[in-house]
Structure formats: C-alpha cells, structure tokens
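Remarks on the structure that follows.
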Amino acid sequence: MSLLERLQKNMESVVAQQAAPERDPYKELRAELHKKVISELSGSQPAGAGMDEVAANIEKLVLQELAVQNGMSRLEKERLVEEIINDAIGYGPITPLLNDPGISEVMVNGPDMVFIERKGNLELTDIKFRDNDHVLNIIEKIVAPIGRRVDESSPMVDARLPDGSRVNVIIPPLSLTGPSITIRKFFKDPLTVEDLIKLGTMTAEMAEFLEACVKARLNIVVSGGTGSGKTTMLNVLSSFIPDNERIITIEDSAELQLRKRHLITLESRPPNIEGKGAVTIRDLVRNCLRMRPDRIVVGEVRSGEALDMLQAMNTGHDGSLTTGHANSPRDMLSRLETMVLMAGMEIPVRAIREQIASAIDLIIHQGRMRDGTRKITHITEVQGMEGDVITLQDLFVFRQTGIDANGRVMGRFEATGIKPRFIEQFEAYGIELRHDLFNGDGGYW
C-alpha cells in the first residue's frame, strides 16, 4: 500500500467516526478538514514524496482552511494541525510520546487513559483518543506494514515499529477496557557496554569478564523479569562477537539491534486467517542449523524451541545466546525443564537436566530495582550435575544495602572470590584476564 493510499484510508476512517459521542467543539471541523485533505492531496503528491514533504503539504492546506476561523486561537489552530498530521502519517495522539527520548514505555489503556514510563516511574498523561475506533485505526497502522492482523478472531498480536520498538496489542472482547496498546521503546542508538557501566547496570570488571565469555564461545542465557533489560543485555553481549563470524538471530518480532556485518535476521510468522502458514520459533531454530551459523541468537525461549536450542548447543553450535523469563538463575533452569517438556517428547527429567548442564555455561540474571534502575544481580556458572541436581556457582552478585532518602537503591557489586571452571577455555582462545578479577577480599566495586 502506497503512502497516499494509507493516508486516504486513515483519513476516511476518521471521517467515518460520526456515531461517537461529542467530545470537543471542533469535531465537525476536524472531519471537514480531513475530507478536504483527502480531496486536495489525492493524486497531487509526487511518487517519491517523503513523510516530511507530505506533512508540510498537510500543514499548509489545513492552515489555509483555518485562516477563516476567527474564533480559534493560534494555539488551538497549531494543535489541530498537529492532530491531523499525526493521524495521517503518524500514530495519532501518541506520536509526540514516541518521539520523546525521555519516555521508555507508552501504555494505552483504552481511549481515555494513556500512561508513560519515564525514568522508571509511571505517569498518567492528558492525552486521549476520540473513541475505540480511533485506537483501532492506530493499531491497524502499526500491524499492517509487517503483515500482522488484529481482529475479533485474532485479538492479540505482537508487532514492532520501524525503529524496532516492541508493540503488544490486545482488543475487545478480550480487553474489557477497550483496545490496549503497550509500546516498549528502544533507543535509536542501542546502548553500549559503556552506557550500561555508567547507568550502574554492571561494573567495568563484570563487563570485561562477559566480553571474555562471549569471545570464548560460551553458551549464555540472560534471565530476568519483564522490563529488566534482557534484550538490551543481549544486544551488548552480541556486540562482543567477532566481526568475521556469521550470526543468525531468531525472534518472534525482530527487536535486536545488532551492528554486525554478517547478520541474518529471522522472524516467526503467525497463522493466516485460515489458521495455516504459521512458522514458529522452533521451526526457525531447526532451519538455521542448515544455514552454517557461527552464532545462534534466539531473542527469547518460551516453549518447545528450548529443546532444539539445547540440542544445537550440545552439537557443536557453541557461543549461542538467548533470554528467558525467570526470577533467579535457579528458576531459569526450572523453566527450561518445563519448556523442554512442552516440546511434546517424553524425556526423563534427569536426561533433560543433563542436557541443560552440558549445554549452558553461564546465566546472567537481571533485575529491575524499585527505583526503576536495571542491574545484573547474578552472574552464575553452570558447573554440572551432582546426583540429580544441576549445580550452580555465583561468580558476581549485586548486594542491596538499602534505599536512600530519594528512593534510590543502594548496594554494591561483589565478586564471590571463586574462579569459574571454564577459565581454561579462556586460555585456549588466548584471552587473558586480570588475576584479581575474581578476588573476594576487596574485589567489589
């Protein structure tokens, strides 16, 4: 669909919303302006017209029409111009929120309540949609360009914006408060390891160790709760991969922002309206094994693909990276057991644990603190099996000591004083680490 066709569709959708209750004195004027914009711009835009040029043309046309509106203030006219442009080529009322670099998350709870997250704190904004149809129109603009759909037969969808921001949508009848949109924004320039050190997510010593782990081709799982920064950490870890290696990423919605030359990005596909044509993460994991990967990066394991991922790690595809939801490193192992069983194969629990212990070398657990900051709370080595239990050993931990007068979390990162068993693998790759990196006495920062 061309830009002009999308513009006309969006305009017609707004004009058609005549049955909604009256909410502002300029509703009829807005509808009339939409009609004029469609009429005047239809067929008059150059084939290669960009968003800025279309926006400028819309602004010029609307201001001309508003020149005769003596009862409107200059501020009201500017606001109306902005609303029409945002509806036409943006994402409606939430466009300014998406353009604000200080906002990390946008949450639309129906047409009347829009929340944002800023510096880890939730805030209610004064932004409102006209009605449910207005929200649905914006949802359609988000999901249509990436081939997704949302309707009563498929009322939930994961999508992404062109800048990689993650979008989740759920609509009635599942959502009783109206159409809901949750957008987790990503930085236009992905955070680097230096940024995470400055933000207090980890220390320089921990970063040095993690870089060595990636270069030594250890299999790493990043665990944590929702919004703890797992995807950001995966981006940072992937930045340590040498440029001469072939990387294949597998995700439900492509979110990873890897700045690598030899990169193949794979994305799952939901079923079509007939319930056919679905391509799952598990399908993609199996397929990528035939694509000669040096590194396999799975955005998140949440189901039976965990079995294929573990098998890949155990059959020569070392250096793989993935994430998973869990409350602790130990819980991550329990979740992996459950996910392997979801593959539908009857495998003894001990055999699953042996696969996990053999495949995974390191677990990086991230937590979102009460003040909204993200920190690596554990860097944990998977040492192997003792009887029927997988043994773990913390190498670095974050110990919280309290909260200051401003509500900020206080604490420190500590090395436990124990060297990992895979230290010899560093030597095999010619990687040298500081001798005091794992010191327990005074080895905290």
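Computed from the coordinates by the stated procedures, all read-outs in this text should not be read as laboratory data. Please read these numbers as outputs of a predicted model, since none were measured by experiment. Glycine also receives a Cβ, built like all others from the backbone with ideal geometry; neighbour counts cover every protein chain displayed.
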Report the charge-dipole magnitude of the stretch 116-192 in Debye, nearest 20, computed about the Cα centre from +1 at each Lys and Arg Cβ and -1 at each Asp and Glu Cβ. 300 debye
Tell me what the chain gives for mean residue ellipticity at 222 nm when only DSSP H runs of n ≥ 4 count, each as -39,500 (n - 2.57), the sum divided by the residue total, rounded to 500 deg cm²/dmol. -10500 deg cm²/dmol
Between helix 329-341 and the chain, what is the angle of the helix's C-alpha long axis to the longest principal axis, kept within 0 to 90° and rounded to the nearest 10? 80 degrees
Going from the fewest other Cβ atoms within 10 Å to the most, one would list K35, K188 as K188, K35
Could you list I264, I138 so that the one with the fewest beta carbons within 10 Å of its beta carbon is first and the one with the most is last? I264, I138
Indicate the gyration tensor shape class of the stretch 91-187 (rounded, prolate or oblate), computed on the Cα atoms with a ≥ b ≥ c the square roots of the eigenvalues: a/c under 1.5 is rounded; otherwise a/b larger than b/c is prolate and the rest oblate. oblate
When only C-alpha pairs under 8 Å and at least 6 residues apart count, what is the relative contact order of the chain, in percent? 10 percent
Measuring from its Cα centre, the stretch 373-414 shows a charge dipole (+1 at each Lys and Arg Cβ, -1 at each Asp and Glu Cβ) which, in debye to the nearest 20, is 420 debye
Percentage relative contact order, the stretch 193-428, counting C-alpha pairs under 8 Å, at least six apart: 20 percent
How high is the relative contact order of the stretch 304-356? Use alpha-carbon pairs under 8 Å, at least six apart in sequence, and give a whole percent. 49 percent
If every Lys and Arg gets +1 and every Asp and Glu gets -1 at its Cβ, then about the Cα centre the chain yields a dipole, in debye to the nearest 20, of 200 debye
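Treat the count of other C-beta atoms within 10 Å as a stand-in for reagent exposure and order K375, K230, K276, K141 from fewest to most.
By the 10 Å Cβ count, ascending, the order reads K276, K141, K375, K230.
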Once label points are set 7 Å from the Cα along Cα→Cβ at both T177 and L75, what is their separation, rounded to one decimal in nm? 2.9 nm
Could you state the angle between the C-alpha long axis of helix 27-41 and the longest principal axis of the C-alpha atoms of the chain, as a value from 0 to 90 degrees rounded to the nearest 10? 90 degrees
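For the peptides 241-247, 166-172, 117-123, 428-434, what is the packing order when you average, over each peptide's residues, the other Cβ atoms within 10 Å and list the highest mean first?
Top to bottom by mean Cβ count within 10 Å: 166-172, 241-247, 117-123, 428-434.
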At 0.36 nm per residue, minus the direct Cα-Cα distance, what do A343 and T125 gain on full extension? Give it in nm, one decimal, please. 74.2 nm
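Quick check on the stretch 191-332: take the gyration tensor over C-alpha atoms, sort the square-rooted eigenvalues as a ≥ b ≥ c, and tell me if it's rounded (a/c under 1.5), prolate or oblate.
prolate
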Between helix 349-359 and the chain, what is the angle of the helix's C-alpha long axis to the longest principal axis, kept within 0 to 90° and rounded to the nearest 10? 90 degrees
Please report the antiparallel percentage of DSSP beta bridges with both residues in the chain, rounded to the nearest 5. 70 percent
Give me the tail of P(r) for the chain as a percent: Cα-Cα pairs with distance above 28 Å. 58 percent
